[in-house]
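Written below as C-alpha cells is the structure these notes are about.
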C-alpha cells in the first residue's frame with residue numbers, strides 16, 4: 001500500500017502531460033507615441049507563424065511610458081520573429097490614442113526594447129465614408 005501511495009504522489013508531482021512549459025523570455029522597455037510616453041495601454045507579442053516561429057504569446061501593460069512582460073497574465077515571449085501589436089490609450093478609461101503593429105526579431109533571451117510609435121499611427125477621425 002505504501003508503494004502505491006509513493007507511486008501516485010510521484011506521478012502527480014510530474015504533472016498530467018509530462019511536457020515542459022515552453023521557454024518564455026522577459027521583454028521590457030519604454031514606449032512613446034509621437035515622442036511622448038504612452039500613458040496607458042497594452043503590448044501583445046505574437047510569434048510570427050508566417051516566418052516559422054511558434055510558441056507562447058506575451059502581453060504587457062503600459063503605464064507611464066513603460067512596459068514589462070514579467071508578472072503579466074501572459075509573462076514573457078517566445079523570442080524570434082514576432083508580431084507586436086500596441087494599443088495606446090490616453091487614460092485608464094480606455095480612450096484610444098492609436099493602434100500600431102510591426103514585426104521584430106526578438107532575441108531568445110531577456111531584452112529591453114524601445115518602441116517608438118510615429119504620429120502617423122494616430123486614430124483617424126472620419127466624418128463618413130470617402131467617395
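Rule-based calculations on the coordinates, nothing more; no lab input. Not measured: the values here are computed from a predicted model. Note: ideal-geometry Cβ built from the backbone for every residue, glycine included; neighbour counts use all protein chains shown.
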ask   = Which parts of segment 51-75 would a label at residue 108 reach, counting a residue when its backbone N lies under 19 Å from a point 7 Å out along Cα-to-Cβ?
value = 51-58
remark   = Heads up, segment 21-108 by the C-alpha gyration tensor (a ≥ b ≥ c square roots of eigenvalues; a/c under 1.5 rounded, else a/b over b/c prolate, else oblate) looks prolate
request  = May I ask you to order 101-109, 71-79 by the average number of other C-beta atoms within 10 Å around their residues, highest value first?
outcome  = 71-79, 101-109
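Under the 0.36 nm per residue contour assumption, what length would be gained going from the current alpha-carbon distance of residue 42 and residue 61 to full extension? Don't skip to the end; give the middle numbers.
Working: separation 19, 0.36 × 19 = 6.84 nm, distance 0.45 nm.
Full extension from residue 42 to residue 61 adds 6.4 nm.
Report the full-extension gain for the segment residue 28 to residue 90: residue separation times 0.36 nm, less the Cα-Cα distance, to one decimal in nm.
This chain segment gains 20.3 nm when fully extended.
Order 90-98, 41-49 from most to least packed using the mean count of other Cβ atoms within 10 Å.
On the way: 90-98: 13.0, 41-49: 19.8.
Ranking the peptides 90-98, 41-49 by packing returns 41-49, 90-98.
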remark   = The relative contact order of segment 21-108, taking Cα pairs under 8 Å that sit 6 or more residues apart, comes to a percentage of 31
query = Separation between the residue 122 and residue 101 pseudo-spin-labels, each 7 Å from Cα along Cα→Cβ, expressed in nm?
reply = 2.3
